[in-house]
1. Any residue in the range 45-70 that is under 14 Å from Pro9 (Cα atoms) sitting within a Cβ distance under 6 Å of a residue that is in a loop (DSSP other than H, G, I, E, B) and open to solvent by less than 50 Å² (accessible area, probe 1.4 Å)? List the pairs, counting only those 6 or more apart or interchain.
2. Tell me, which residue of the range 51-70 that is open to solvent by less than 100 Å² (accessible area, probe 1.4 Å) and in a strand (DSSP E or B) is nearest to Asp7 (Cα to Cα)?
3. Could you list, in sequence order, the residues of the range 1-29 that are loosely packed, with under 15 Cβ neighbours inside 10 Å, among the small types (Gly, Ala, Ser) and in contact (Cβ under 8 Å) with a residue 40 or more places away in the chain?
4. Could you tell me whether the range 10-31 includes any residue that is more than 27 Å from Lys59 (Cβ to Cβ) and part of a loop (DSSP other than H, G, I, E, B)?
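The values are calculated or read from the model by the stated rules, or taken from the named source; none is laboratory data. Everything numeric in this text was worked out from a predicted model, so none of it was measured. With ideal geometry, Cβ positions are generated from the backbone for all residues, glycine too; neighbour counts draw on all protein chains shown. Protein only, heavy atoms only, side chains kept; ligands, DNA and RNA dropped before computing areas. Shrake-Rupley method; radii C 1.70, N 1.55, O 1.52, S 1.80 Å.
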Amino acid sequence: ALTVTLDAPGFEPGDFDVQISGDTLRVSAERAAGEDGKRSYHRRFQRTVTLPAMVDAGKVGAKYRNGVLE
């Protein structure tokens, strides 16, 4: 088993896009953070992690709790 832990506060579980390609894990998220009347603000998160071995994408799971994606 392999666990990757990423700190990503300020998002909701549905904001994340998790992709596996060979030995590469790509995680991204985007969320509207608010407006000040003139501009809207967005939060973005993106990480790419090279895994130590090929991973079966069908066996990958993710959970997001208290600002941490695992």
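1. Phe45/Ala8; Leu69/Ala8
2. As a first pass, look at the range 51-70 and keep what is open to solvent by less than 100 Å² (accessible area, probe 1.4 Å): 51, 53, 55-58, 60-62, 64, 67-70.
Narrowing further to those that are in a strand (DSSP E or B): 64, 68-69.
Values: Tyr64: 10, Val68: 5, Leu69: 6 Å.
It comes out as Val68.
3. Within the range 1-29, just Gly10 meets the criteria.
4. Here is the first cut: in the range 10-31, the residues more than 27 Å from Lys59 (Cβ to Cβ) are 10, 31.
Still in the list and also part of a loop (DSSP other than H, G, I, E, B): 10.
Yes: one or more hits.
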